[in-house]
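**Student:** Right, I'll just put the structure down here and ask away after.
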Amino acid sequence: MTNWQEYKLGEIGVVITGNTPSKKNPEQWGDNIPFVTPTDFDAYNKNIWGSIRYLSEEGISAFQKKILPTDSVIVTCIGSQMGKVALNKKGCVTNQQINSIIPHKEFNSDFIYYVISSMQDYLRNLATGGSTMPIVNKSTFEDITIKAPDYETQTAIAEILSSLDDKIELNNNINQELENLAQTLFKQWFIDFEFPKENGELYKSSGGEMVDSELGEIPKGWNVGNLNQIAELLKKNKKPFENPDTIYHHYSLPEFDSGKMPSMELGEKILSSKYQVLKHSILVSKLNPRIPRIWTIIKPNDNSICSTEFQVLKPLEDVYFPFVNCLCSSDGYINSIQSKVTGTSSSHQRVNPKDIINYEMVLPPLSIVNQFYDSVYDSLNLIDDNRKENQELTNLRDTLLPKLISGELDVAEVMAEKV
């Protein structure tokens, strides 16, 4: 086995703690260099390509010593997102919640990323300051000890794990493009009323007849109605704990947020009742609708269940599935739900299930719904296939990761199996 040695994080690279421009210096904000905070970490990918906010040239000048080169290892060390890890793919500056490592040339950034990403529980336990605002300060962070082999072995391990993450990221990017295209087509057809006529011309811009309705002008032959006319809320209760040895595919809010992949759990571990997840359904979260959580379900596995914080919305006919799915992700639907929340706490606001299903909307003719199905369903199916592949890749990566970064598994053996 390759000789592994112990190193403190402060020995493997330069540790930089971020900082935030003062409110007194608004000129330091601009569009020149990413300013990364924990919010910018992508739950689905290990790489950060940009950020919500950017610094100006003045900001770059003021924080020159805080600029991180590409492929620094960025770690959240304060607050509820403690232990999240990412690699930046553009030079950036971070806020003070983040400690970052600029690895020395003897250390591979991807390898260090994987080592630290396996240490989230350790970082949380190491944190001081109590449960409300845990913190791992710079000196404590620098003293954390890890094991690493020679650079060549680090690189080989990183390449194995990165090949899996790269495929996951590619699938996620494809899915995002497909979702955007479906949503764009939905808006064009059912919001702007530019659906194709029999001669191929777009309806509204080619002079298609519009009539007045309580929701404004709509195409002639269309109607105003409610979502409950084409879909229903299903609440088929399941009690996994009654089947302790059965493996369930559990769709929960945390799993949605961390990659839209259900977890696999034994029934004995799930102590509360859930809803059954069905084919061609859409899970709509009733908790904190300010964060839209719409989960498209095409072909669920056997014994699929979801948190009761989700509402299982199922079209009355399969042909309506792409239409209802895109409707639930549309701005109009999301804004409607967000306007009907109850609860005073921003972290525990909920929407009444009746407001999820009783949405007032424009109902297109079945012929247009059929055309939309033909145009979009294959894309939704591919998204579903990609997510399932990602789940398999994630499981493989998570199995290999601890064995590779500890030296338990010989990297040469893994490479030989791949060949």
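The values are calculated or read from the model by the stated rules, or taken from the named source; none is laboratory data. Computed from a prediction, not measured in an experiment: that's the story for all the values here. Here the Cβ is made from the backbone with ideal geometry for all residues, glycine too, and neighbour counts use every protein chain on show. For the accessible areas, the whole protein counts, side chains as well, though only heavy atoms, and no ligand, DNA or RNA atoms are used. Shrake-Rupley method; radii C 1.70, N 1.55, O 1.52, S 1.80 Å.
**Student:** Output the relative contact order of the chain, whole-number percent, from Cα pairs under 8 angstrom with separation of 6+ residues. Write down the numbers at each step before the final one.
**Tutor:** Working: 762 pairs, mean separation 63.6, N = 419.
Relative contact order for the chain comes out at 15 percent.
**Student:** Something else now. Using only the Cα atoms of the range 270-335, build the gyration tensor, take square roots of its eigenvalues as a ≥ b ≥ c, and label the shape rounded, prolate or oblate: rounded if a/c is under 1.5, else prolate if a/b is larger than b/c, else oblate.
**Tutor:** Details: a/c = 2.65, a/b = 1.17, b/c = 2.28.
Here the range 270-335 falls in the oblate category.
**Student:** Name the most mobile residue of V115, V284, V224, meaning the one with the largest mean-square fluctuation, in a Gaussian network model of the chain with Cα contacts below 10 Å.
**Tutor:** V224
**Student:** Rounded to a whole number of µm²/s, how large is the Stokes-Einstein D of the range 303-419 at 20 °C and 1.002 mPa s, given Rh as the Kirkwood radius over C-alpha pairs?
**Tutor:** Details: Rh = 18.6 Å.
Diffusion coefficient, whole number: 115 µm²/s.
**Student:** So what is the diffusion coefficient of the range 255-307 in µm² per second by Stokes-Einstein at 20 °C and 1.002 mPa s, using a Kirkwood Rh over Cα pairs? Numbers along the way, then the final one.
**Tutor:** Values: Rh = 12.2 Å.
Answer from the Stokes-Einstein relation: 176 µm²/s.
**Student:** Just to be sure I understand: with springs between alpha-carbon atoms less than 10 Å apart, which residue in P26, P134, P219 has the highest mean-square fluctuation in the Gaussian network model of the chain?
**Tutor:** Comparing P26, P134, P219 in the GNM, the peak value goes to P26.
**Student:** Rounded to whole Hz and in sequence order, give me ³J(HN,Hα) for the range 99-112 from the Karplus expression 6.51 cos²θ - 1.76 cosθ + 1.60, θ = phi - 60°, writing x for Gly and Pro.
**Tutor:** 9, 10, 10, 9, x, 5, 5, 7, 10, 8, 4, 5, 4, 5
**Student:** Another question, then. For G13, list long-range residues whose amide hydrogen, built 1.01 Å from N in the peptide plane, is under 5 Å from its own amide hydrogen.
**Tutor:** Sorted by chain and number, the residues that satisfy this are H104.
**Student:** So, by mean Cβ neighbours within 10 angstrom, what's the order for 251-263, 138-150 with the highest one leading?
**Tutor:** Ranked from most to least packed, the peptides come out as 251-263, 138-150.
**Student:** Hey, another quick one. Take the alpha-carbon centre of the range 208-248, take the same for the range 9-63, and report the distance between them in whole Å.
**Tutor:** That distance is 42 Å.
**Student:** Can you tell me the accessible area per residue over the chain, all protein chains present, probe 1.4 angstrom, in square angstrom?
**Tutor:** Here the per-residue accessible area is 49 Å².
**Student:** Oh, and also: Cross-link candidates for K238: which aspartates and glutamates have Cα within less than 17 Å, leaving aside residues fewer than 8 places away along the same chain?
**Tutor:** E265, E268, D302, E309
**Student:** I need the per residue convex hull volume for the range 69-109, using only the alpha carbons, in cubic angstrom as a whole number.
**Tutor:** Values: hull volume 2.6 nm³, N = 41.
It is 65 Å³ per residue.
**Student:** Here's something else I'd like to know. Normalised by the empirical 2.2 N^0.38 Å for globular proteins, what value does the Cα Rg of the chain take? All intermediate terms of the calculation are to be shown ahead of the outcome.
**Tutor:** Working: Rg = 24.8 Å, N = 419, 2.2 N^0.38 = 21.8 Å.
For the chain, the normalised Cα radius of gyration is 1.14.
**Student:** Per the Debye formula with a single identical scatterer at each Cα and no solvent contribution, what log10 I(q)/I(0) holds for the range 352-397 at q = 0.15, 0.20, 0.30, 0.32 Å⁻¹?
**Tutor:** For the range 352-397 at q = 0.15, 0.20, 0.30, 0.32 Å⁻¹, log10 I(q)/I(0) is -0.69, -0.80, -0.95, -0.99.
**Student:** Could you pull out the pairs from K274/K388; K239/K269; K46/K138; K23/K90; K197/K314; K46/K167 whose alpha carbons sit more than 20 Å apart here?
**Tutor:** On the way: K274/K388 22 Å; K239/K269 11 Å; K46/K138 22 Å; K23/K90 25 Å; K197/K314 29 Å; K46/K167 12 Å.
Violating the 20 Å Cα-Cα cut-off are K274/K388; K46/K138; K23/K90; K197/K314.
**Student:** Using the alpha carbons of the range 157-206, what is the convex hull volume per residue in cubic angstrom, as a whole number? Don't jump to the answer; show the numbers that get you there.
**Tutor:** Values: hull volume 3.8 nm³, N = 50.
Dividing the Cα hull volume of the range 157-206 by its residues yields 76 Å³.
**Student:** Another question, if that's okay. In the chain, if the dipole is taken from +1 on Lys/Arg beta carbons and -1 on Asp/Glu beta carbons about the Cα centre, which of V75, V414, N125 is farthest to the positive end?
**Tutor:** It is N125.
**Student:** Further question on the same structure: Ignoring ligands, DNA and RNA, what percent of the accessible area of the range 269-315 is carbon or sulfur (1.4 Å)?
**Tutor:** Numbers: 730 of 1630 Å².
Using a 1.4 Å probe with all protein chains present, the range 269-315 comes out at 45 percent carbon and sulfur.
**Student:** Hey, what's the per residue convex hull volume over the C-alpha atoms of the range 10-103, in cubic angstrom?
**Tutor:** On the way: hull volume 8.4 nm³, N = 94.
Taking only Cα atoms, the range 10-103 has a hull volume of 89 Å³ per residue.
**Student:** I would also like to ask the following. Among the aspartates and glutamates, which fall within straight-line cross-link reach of K299, defined as a Cα-Cα distance under 18 Å, with same-chain neighbours fewer than 8 residues apart omitted?
**Tutor:** K299 reaches E179, E255, E317, D318, D374, D378, D384, D385, E389, E392.
**Student:** So, one more: Would you report the distance distribution of C-alpha pairs in the range 88-200 as whole percents per 10 angstrom bin, up to the bin with the largest distance?
**Tutor:** Result, from short to long distances: 10, 26, 25, 17, 11, 8, 3, 0 percent.
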